[in-house]
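K.L.:
Next up is a structure, given as structure tokens.
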Amino acid sequence: MVHGQGGVRFQNWAKTYGSSPELYFQPATVDEVKEILALARQKNKKVKVVGGGHSPSDIACTDDFMVQMGKMNKILTVDKEKKQVTVEAGILLRDLNVELSKHGLALPILGAVSEVAAAGVIGTATHNTGIRHGILATQVVSLTLLTASGEILECSKSVNPDLYQAACVHLGCLGIILTVTFQCVPEFYLQETTFPSTLQEVLDNLDSHLKKSEYFRFLWFPHSENVSVIYQDHTNKPPSSSTTWFWDYAVGYYLLEFLLWISTFLPFLVPWINRFFFWLLFTSKVENVNVSYKIFNYECRFKQHVQDWAIPIEKTKEALLELKEVLENNPKVVAHYPVEVRFTREDDFLLSPCFQRDSCYLNIIMYRPYGKDVPHLDYWLAYEGIMKKFGGRPHWAKAHTCTRKDFERMYPSFQKFCSIREKLDPRGMFMNTYLEKVFY
Ligand SMILES: Cc1cc2nc3c(=O)[nH]c(=O)nc-3n(C[C@H](O)[C@H](O)[C@H](O)COP(=O)(O)OP(=O)(O)OC[C@H]3O[C@@H](n4cnc5c(N)ncnc54)[C@H](O)[C@@H]3O)c2cc1C
């Protein structure tokens, strides 16, 4: 008999959202997961699965049954010829990266952190950057799903293709993902080159930057013209990293947290802090070579509030310049650095923010120095207004104020996804407060 624990408090990584599930389960087998669903059906309870708990929103919260998939973390098969790996859906990418490396394989793209689960990252359309690369879910060859009724369904481009189009970006609302098969590539090394520039230069030469580097992104320092450009490209060079880089960053970040804390009392300091840290950490050219996952991932030191919308790539310049103008015209609205700008290839998943269009993601943040909340509502509203104006779609993992009406406008296939969801889960077993805003 699978055991559910009472009295567990769930909190997401940034400690910005949490809930107190009535029962908290950590199943180790498919039979145990089936038992949990049977109990939920019998007691008329909702069920929410959690992977790495990294989503900066309440998407993984519930007061009913929470299922933590950390014990379902095995690698099931590695097909060296096809370069495909099948894993249990609770595996953390951190562990998968290491295991793949032992087989001379790697995922072609990862997000900024790997303490996230296979089903969790695909479910919220996690992305990184590189216009030839899609969101992480585009690496999914097939997956299996346990539905509310207890049935196991498999889907891929050829088997149940409609379900595949929905389930690769599943929002946790179609059922419990049990296994995922990923398409890998031979293990590779990346050279990261970081160098300073200006917003005007980068926006004027966007196409050229996109062509020059496979995984191009840039950081804009709000309240200034400053930009840090980051190129990441395949290399045969041996691993190397600059110690200056390490010391600058480690010491710099302690100072940053302290200054940001001071700025919670004196907000007019924020533009100066942004400029000071650009000068301190980002004005020289830095090169760094390592195995791919160590370059894709970096240490996110601070808890933060975050928003990240995808807009059509051709709107990048207009949208960023408008955000800059809004900040210039409203000195009381302050924005922490950086605004991270990334680029992603279009795909065909029904609820992917990159559905049928190459996209630019604009990620804004407000840090929480020493866990302190920093006012950010005005910045958030101004940003959301601009994103909506330019046809944006919010990141599913990150908090937003959109509701079903907005999504119907944003996603041409929203209704198709809803029909699939309603068929698989007519009682709404996998709903929670976040999803009710999306679907009801
Ligand atoms: C420090 C940090 C850095 C980040 N960097 C990036 C980045 O570079 N790019 C980016 O796009 N995003 C980024 N994110 C967001 C992150 O990638 C997403 O929140 C991702 O979903 C986290 O995976 P997780 O396993 O923690 O998912 P969780 O937060 O645990 O869950 C996410 C969703 O998946 C569902 N779910 C999880 N497992 C299953 C399952 N087995 N079956 C069914 N549903 C399931 C949950 O119910 C929930 O709806 C970052 C977040 C943090 C905190």
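K.L.:
Testing TYR298 on (1) in contact with a strand residue (DSSP E or B) (Cβ under 9 Å, 6 or more places away or on another chain); (2) within 19 Å of LEU219 (Cβ to Cβ); (3) hydroxyl-bearing (Ser, Thr, Tyr), one condition comes back false. Which one is that?
P.N.:
Of (1) in contact with a strand residue (DSSP E or B) (Cβ under 9 Å, 6 or more places away or on another chain); (2) within 19 Å of LEU219 (Cβ to Cβ); (3) hydroxyl-bearing (Ser, Thr, Tyr), only one is false for TYR298: (1).
K.L.:
Residue check: is SER101 small (Gly, Ala, Ser), within 6 Å of the ligand (Cβ to nearest atom) and either modelled with pLDDT of 95 or more or under 20 Å from ASN297 (Cα atoms) (or both)?
P.N.:
no
Let's see how each residue does on (1) at pLDDT 95 or above; (2) within 11 Å of the ligand (Cβ to nearest atom); (3) in a loop (DSSP other than H, G, I, E, B):
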position: HIS3; (1), (2), (3): no, no, yes
position: GLU35; (1), (2), (3): yes, no, no
position: GLN42; (1), (2), (3): yes, no, no
position: SER55; (1), (2), (3): yes, yes, yes
position: LEU96; (1), (2), (3): yes, no, no
position: ILE109; (1), (2), (3): yes, yes, yes
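K.L.:
I'd like the full set of residues that are touching a Phe, Trp or Tyr at 6+ places or on another chain (Cβ under 8 Å) and either without any contact (Cβ under 8 Å) to a residue 60 or more places away in the chain or not assigned by TED's automatic domain parsing to the domain that holds THR316 (or both), limited to the range 214-234.
P.N.:
SER224, ASN226, VAL227, VAL229, ILE230, TYR231, ASP233, HIS234
K.L.:
Something else now. Specify which of the listed residues (LEU255, LEU260) is closer than 30 Å to VAL334 by Cβ, in contact with a helix residue (DSSP H, G or I) (Cβ under 6 Å, 6 or more places away or on another chain) and not in a strand (DSSP E or B).
P.N.:
Just a single option satisfies the conditions, and that option is LEU260.
K.L.:
Can you name every one of the helices (runs of 4 or more DSSP H) wholly within the range 352-427 that holds 1 or more residues which are among the hydroxyl-bearing types (Ser, Thr, Tyr)?
P.N.:
So the answer is 377-389, 414-424.
K.L.:
So, in the range 56-95, how many residues would count as being crowded, with 21+ Cβ neighbours inside 10 Å, farther than 23 Å from TYR17 by Cα and out of contact with any helix residue (DSSP H, G or I) (no Cβ under 7 Å at 6 or more places or on another chain)?
P.N.:
Result for the range 56-95: 2.
K.L.:
Of all the residues that make up the range 44-53, how many are in a strand (DSSP E or B) and within 6 Å of the ligand (Cβ to nearest atom)?
P.N.:
Pass one, the range 44-53, residues in a strand (DSSP E or B): 47-50.
Filter again for within 6 Å of the ligand (Cβ to nearest atom), leaving 48-50.
Of the residues in that region, 3 qualify.
K.L.:
Given the structure, is VAL116 out of contact with any strand residue (DSSP E or B) (no Cβ under 6 Å at 6 or more places or on another chain) and buried (at least 23 other Cβ atoms within 10 Å of the Cβ)?
P.N.:
Criteria met by VAL116.
K.L.:
Name the residue that is farthest from the ligand (Cβ to nearest atom), counting only residues in the range 158-170 that are in contact with a helix residue (DSSP H, G or I) (Cβ under 6 Å, 6 or more places away or on another chain) and assigned to a loop (DSSP other than H, G, I, E, B).
P.N.:
The selected residue is CYS168.
The values are calculated or read from the model by the stated rules, or taken from the named source; none is laboratory data. Given the structure is predicted, the values throughout are model-derived calculations rather than measurements. All Cβ positions, glycine included, derive from the backbone under ideal geometry; neighbour counts span all protein chains shown.
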